[in-house]
């Protein structure tokens, strides 16, 4: 793997996974655990290698929260992490090439540069029933 992997936790609860410079020199490397609501991996394959054709079977899953993946394509942003009870925990800066997987808890974003990112999350979208917005603490107004 090219970059480092960091878990953001609230006690024993994993809130997020940050993959810095998300590339791999291995054929396939998964960064998430098999039990995570989203599976995130990187592939590095040589010309001519194949992944066998396959169909994913119907497999019933029970999901309680929306998990998200953000792929930073350009720029930098600060990610503020909160407990499920909306208490501020910590912040991290992520930049182009990084991937962040948000599993649980709360989060907010402040753009430190012009940002271009790709967001992937489970659907269908539940609209305003899907999230509760809250006010960021005033002392988080400056970058980390």
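Readers should treat all values here as calculations from the given coordinates under stated rules, not as data from a laboratory. Values in this document were obtained by computation on a predicted structure and should not be read as measured data. We place every Cβ from the backbone using ideal geometry, glycine too, and count neighbours over all the protein chains shown.
Residues considered: 125, 88, 59. Largest GNM mean-square fluctuation over the chain, using C-alpha springs under 10 Å, is found at 59.
Residues within the reach of a label modelled at residue 13 (point 7 angstrom out along Cα to beta-carbon, backbone nitrogen below 11 Å), restricted to the range 58-101, are 82-87.
Dividing the radius of gyration of the alpha carbons in the chain by their Kirkwood radius gives 0.99 for Rg/Rh. Identify which of 11, 127, 97 has the largest mean-square fluctuation in a Gaussian network model of the chain, with springs joining Cα atoms closer than 10 Å. Largest GNM mean-square fluctuation: 127. GNM on the chain, alpha-carbon springs under 10 angstrom: the most fluctuating residue among 80, 114, 104 is 114. As a length-normalised measure over Cα pairs under 8 Å and 6 or more apart, the relative contact order of the chain settles at 24 percent.
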